[in-house]
Structures are given as C-alpha cells and as structure tokens.
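One structure is given below, encoded as structure tokens.
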Amino acid sequence: MSNYLRASRCFTAKLAGLSCAAFLVFATPSVAQEISDSHLSVARATVKASGATSRFDLILPQLLQDVKTRFISNRPDLEAEITDVANEEAIAIAPRRADLEREVATIFARVFTEAELVELEAFYSTDTGKKLLAETDVISRQIVAASRVWANGIGRDLEINVTKTMNVRFGATVEAEEADAAADGTGAAAETQ
C-alpha cells in the first residue's frame with residue numbers, strides 16, 4: 001500500500017472518529033436539562049439557517065427506491081402496483097421528517113445557549129454565512145486533497161531521512177525503494193520465504 005493511500009486512509013479514519021466523537025458529545029443528552037420553548041424555537045431557526053439537516057433530504061427518496069427495487073425484484077409481475085403502493089406509503093411517512101428536525105434542534109439547544117444560537121442563526125443568515133454553507137463541500141474536498149499532498153511529501157521525506165540516517169549511523173544500505181518493496185511484500189525478504 002502506498003504512503004498516499006495509508007495517509008489518506010488514516011486521515012479518513014481519524015476524521016470519521018472525530019465526527020463520531022463530536023456526534024456523541026453533542027447528541028448525548030444532558031442530565032435533567034430543560035429546554036425552554038424559546039430556546040428550542042431559536043435552535044430550529046438555527047438548524048434551518050445552517051442547513052444542518054439538508055444532507056438528509058435524499059434519505060426518503062433513496063429508501064423509497066431501495067424498497068421498490070427489492071419488492072419488484074421479488075415480484076416483477078406487480079411492478080406497477082408495487083410502485084403505486086410504495087409511493088403512497090412514502091408520501092404518508094414523509095411528515096415524519098419533522099421528527100428529525102425536532103431532534104436536531106434539540107441537539108443544538110443542548111450544545112448552545114439561546115444567545116449563542118441567536119448569534120449562529122444571524123451569522124448563517126449573512127452573505128458570509130451563506131457562502132460558508134455553499135462552499136463547505138468544496139472546502140472539505142480541497143482540505144482532503146491538500147492533506148494527501150502533504151502526507152505524500154512528509155512520507156517521502158521521512159523515508160529519505162531514515163535512509164540517510166541508517167546509512168550514516170549503521171552503514172546500512174537500506175533505501176526508500178527497498179522499504180516500499182518490503183511493505184508491498186515484494187522485497188528480498190518476501191522472496192526468501
């Protein structure tokens with residue numbers, strides 16, 4: 001596995017771990033914390049302004065398509081009927097999206113004070129806040145790309161420096177290319193097995 005892939009996977013795993021940790025911290029209910037109606041109202045406004053739940057807009061349509069596909073694959077002779085029933089049931093269940101909005105607003109209200117939520121909602125309503133929301137995916141992709149370039153560079157430099165130091169200190173003739181070959185299982189050590 002190349003250093004690039006290793007570093008990329010490591011970064012992705014750490015990012016996923018941080019996301020999970022953040023979710024657990026933010027989603028864990030505080031003991032006996034009462035949330036006032038006004039606090040929850042401001043939290044809902046902040047959730048709406050921040051687009052915090054917009055990424056979930058496609059969940060029901062994707063689930064609907066999955067259900068149709070599974071049912072139709074079992075009974076292709078009932079495709080039209082399955083499609084009609086599945087669409088009807090999806091429309092009937094769609095109002096439950098409000099449950100998600102309420103839960104997310106409650107999470108925001110547990111994490112942020114009412115005053116902080118007012119500030120956040122105001123920020124996300126500004127041109128700068130809207131730009132941040134619009135550009136977040138692009139920024140995230142560019143950050144990941146930059147981290148890959150950085151990881152490749154420091155990985156290369158680390159291998160070069162280890163090779164030089166090993167040669168100077170121990171007279172070892174291990175080169176970075178051989179280290180890569182050994183890591184891939186194609187080096188001399190692998191050949192002797």
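The values are calculated or read from the model by the stated rules, or taken from the named source; none is laboratory data. Keep in mind it's a predicted model, so treat the numbers as computed, not measured. Cβ sites come from the backbone with ideal geometry, for glycine too, and all protein chains shown count toward neighbours. Each accessible area value is taken on the protein alone, full model and side chains, heavy atoms only, with ligands, DNA and RNA left out. Shrake-Rupley method; radii C 1.70, N 1.55, O 1.52, S 1.80 Å.
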Completion exercise
Residue pairs qualifying under the 6 Å Cβ cut-off, at least six apart or on distinct chains, with the first in the stretch 97-119 being within 13 Å of V42 (Cβ to Cβ) and the second being hydroxyl-bearing (S, T, Y) and part of a helix (DSSP H, G or I), are F108/T46; L117/T46
Handout entry: Scope the stretch 44-91; condition in contact with a helix residue (DSSP H, G or I) (Cβ under 6 Å, 6 or more places away or on another chain), open to solvent by 80 Å² or more (accessible area, probe 1.4 Å) and either of a type outside the set (D, E, K, R) or on the phi > 0 side of the Ramachandran plot (or both); matching residues
Key = F71
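A quick yes/no check of all residues on (1) over 30 Å from D37 (Cα atoms); (2) open to solvent by 60 Å² or more (accessible area, probe 1.4 Å):
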residue: R102; (1), (2): no, yes
residue: E116; (1), (2): no, yes
residue: E135; (1), (2): yes, yes
residue: I143; (1), (2): yes, yes
residue: S147; (1), (2): yes, no
residue: W150; (1), (2): yes, yes
residue: G153; (1), (2): yes, no
Problem - Residue list for the stretch 50-67, restricted to those being among the small types (G, A, S) and either assigned to a loop (DSSP other than H, G, I, E, B) or under 13 Å from F112 (Cβ atoms) (or both) - result: S50, G51, A52
